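Structure first, then comments.
What follows is calculated from the coordinates using simple rules that are stated; it is not laboratory data. Quick caveat, the model's predicted, so the values are computed rather than measured. Cβ atoms come from the backbone with ideal geometry, glycine included; neighbour counts cover every protein chain shown.
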Amino acid sequence: MKKDIIEHLKVILDLREEECGEYLEAFAQSFDECCLQLEPLRQGELDYGRLRVVTHTLIGFSENMGAMDLLALSKSLNAAAKEPDEAACRRDIERIFALRRAYQDEA
Amino acid sequence: MAVDDAVANLMILKGILKGNDFKVVTSTNALDALQLFKQEFFDVILLDVIMPGIDGFELRKLIREVDIERPIIFLTSMVEDGSMKMLNQIVWDSNTFYLNKVTDKETLIRKIKEVVANHRIRNVERQRSNKLEGELKLAGELQRILLPEWCEIDEHIMASSLYKPASHVSGDIFEIIRISDAKYLLFIGDIAGHGVSAALYMATIQAWLKVSLKKQNPSPHDLLNQLNQFFCKELQSSTYMTALVAIIDFDINHISVQSAGHPPVFIGSASQKVAMTSDSSRGGLPIGWFKETEYLPSDNFEYDFPDDAIFICTTDGVFDIENEQQEVLAESDYREITEALFGDTDCLTFPYRLCGVLEKMGYFIAPDDYTFVAVSKNIRNPNRKQHLIPAKLSAIAEVAEDFASMGATPEQGVEIDLLVHEYLNNVIIHGGKQADKKQRIIYISIEKNDDVLEIRGLEQGAPWNIQEAAENSGGEPGNSYATSGRGAQILQSITEYISYNSFCGLNETRFVLRRGAEDQHEKGHH
């Protein structure tokens, strides 16, 4: 995912790879904040309204940053929250957390 | 300023706008953003719609409480998702725009530049318009200073006028000029239009009138002929004016009038109870139409009037006054109202009562300037004293002292002195309109009839309700009457009867005192 982001930044902002550091940090911060908001939903009862607010943020910055895996998962979670489909929501939340762990390992 | 709860989005925005003459300030929450907005100047606000806590729409509302026009661009992907509700919320405000959140760099920069440029142009235009508005207001105030006071009195004449410009400046003109001992010129005119050019013509004509009258002893037709020549030759004017010229001689009670396309003068009196008008079929075309126009002596309307005659003039703007059904005032209605008022209306309140009746009938939408002028003979009355004073505290003592001499006893003189002080203090201090450039003037009279003394004040200050003022004096702090010291209780304790009326901005207060010592218990208040 990190590689996708760097490539995207190179295209839209004309950045060199070594200039992408602060953008990656910002991405990680926004990702962490969203996961922090997802955590209570993951553990307890699902609040679909709340879930849609978080997925809106996730969709927004993952698309802006070119994090296509996260974008696809966020859109899927958003659609499940609209349904609402609890099982699909819980599945996508877990996948998002897994993606976050993978991104942290990558970093 | 860019506001988004995701710091990653703000970084991308900063990155896109970097190097394009933009200084970007960011905030990740609405409250911080609002604080920043109040502290700093921003050309445009870029807002995310959905944020935890206060969302973008709520933040816009808070910003609009501070600034209703600052451009806001919502950056959202939800419009693309087909959310009409979202779109409707965005366009609720004409200074709000939107862009897709993942728009390309060029589109974003172009949109921001366009929105900011348009806002700046609007600002410059508004500033220009405000400046022009301010200058027009000042011009209107200066124009008002050029016109006679609402009330003019001397040993021969009493005159009152109500001047209603449709905008700040007006093309209406009226003048009352003493020509010789008891001979006066009454001039009323209406220059076509009611903008700045009409106002400038008005000032020019006014100056011309004053200069011309120094050279001669004119008759109405002479003056109209000269004015027409001045208009056509010297001003080479492309506009025109209607005018009515009256020469009134109060020694022999004679009026000579001619109209140049202007509404006629109404003449009525309480004693004759019949109103008449100068002949509207006589007289000539408006001034400035043709330089060849000749105003003839045979067209002067000549009339010997009784002592109590009142002359009422107006400008034709009065016939453009509309009611809510967009019906204009008919000339026959105007005539009927004027005739009805002649029986019990004095010269000084006539224009204001006339206007009051029209307003009560629903005629209050005036697209053109209009003016009412009332003139009458100032009949000598040894039982009456009257003063016209500026609304200044320093002017009170002289009036109070003069009126006190009308008291039947020294004690009553003291009461009159106190009454005059309380009343005038009241209307001068609390009735003032600070914004007025023109000094207000107050008419006050005292008249003795059998065992009754009546003090009457006419002024154009803020309206007041003496009964309410008396009941509320000494009341709760913050109550305007309680803190004003309007002296209503003192006025009531001195007088037997107080009446108050207000017509179209003219306040009339009458105080009736029984002459001589009276038992306080017999006094009643109404």
Original post:
Rounded if a/c is under 1.5, else prolate if a/b beats b/c, else oblate: with a ≥ b ≥ c from the C-alpha gyration tensor eigenvalues square-rooted, which is the stretch B:2-123?
Top reply: rounded
Original post:
For A:Lys10, which aspartates and glutamates qualify as cross-link partners when the Cα separation must be under 13 Å and same-chain residues fewer than eight apart are set aside?
Top reply: A:Glu18, A:Glu19
Original post:
What percent do you get for the relative contact order of chain A when only Cα pairs under 8 Å and 6+ apart count?
Top reply: 30 percent
Original post:
For B:Lys38 and B:Glu69, what does the FRET efficiency come to when R0 = 22 Å and r is the distance between their Cβ atoms, rounded to the nearest 0.05?
Top reply: 0.90
**OP:** Can you spot the aspartates and glutamates whose alpha carbon is less than 13 Å from B:Lys360's alpha carbon? Ignore those fewer than 8 places along the same chain.
**Re:** B:Glu322, B:Glu324
Original post:
So who's got an amide H within less than 5 Å of the one on B:Ala462, skipping anything under 5 residues away but keeping other chains? H placed 1.01 Å off N, in plane.
Top reply: B:Gly431, B:Gly432
Subject >> Nearest 10 degrees, 0 to 90: helix B:30-39 Cα axis against chain B principal axis >> reply: 50 degrees
**OP:** Mind sorting B:Ile455, A:Ile5, B:Ile68 by how few other Cβ atoms lie within 10 Å of their own Cβ, fewest first?
**Re:** B:Ile68, A:Ile5, B:Ile455
Subject >> Degrees, to the nearest 10: B:410-430 long Cα axis against longest axis of chain B >> reply: 30 degrees
Subject >> the protein assembly as shown: Cys lacking any partner C-beta under 4.7 angstrom >> reply: A:Cys20, A:Cys34, A:Cys35, A:Cys89, B:Cys151, B:Cys232, B:Cys313, B:Cys347
**OP:** Taking chymotrypsin sites (Phe, Trp or Tyr not before Pro) as candidate sites, keep only those in a DSSP loop with at most 14 other Cβ atoms within 10 Å, then name the longest stretch of chain B containing none of them.
**Re:** B:93-289
Subject >> Dimensions (Å) - chain B, Cα atoms, principal axes, largest first >> reply: 94, 73, 40
Original post:
Put +1 on the Cβ of each Lys and Arg and -1 on the Cβ of each Asp and Glu in chain A; which of A:Thr57, A:Gly21, A:Cys89 then has its Cα farthest toward the positive end of the dipole?
Top reply: A:Cys89
Subject >> In degrees, nearest ten, helix A:68-82 long axis to first principal axis of chain A (Cα) >> reply: 20 degrees
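Which of B:Thr409, B:Thr293 has the fewest other C-beta atoms within 10 Å, and how do the rest follow up to the most?
Ascending Cβ contact count within 10 Å gives the list B:Thr409, B:Thr293.
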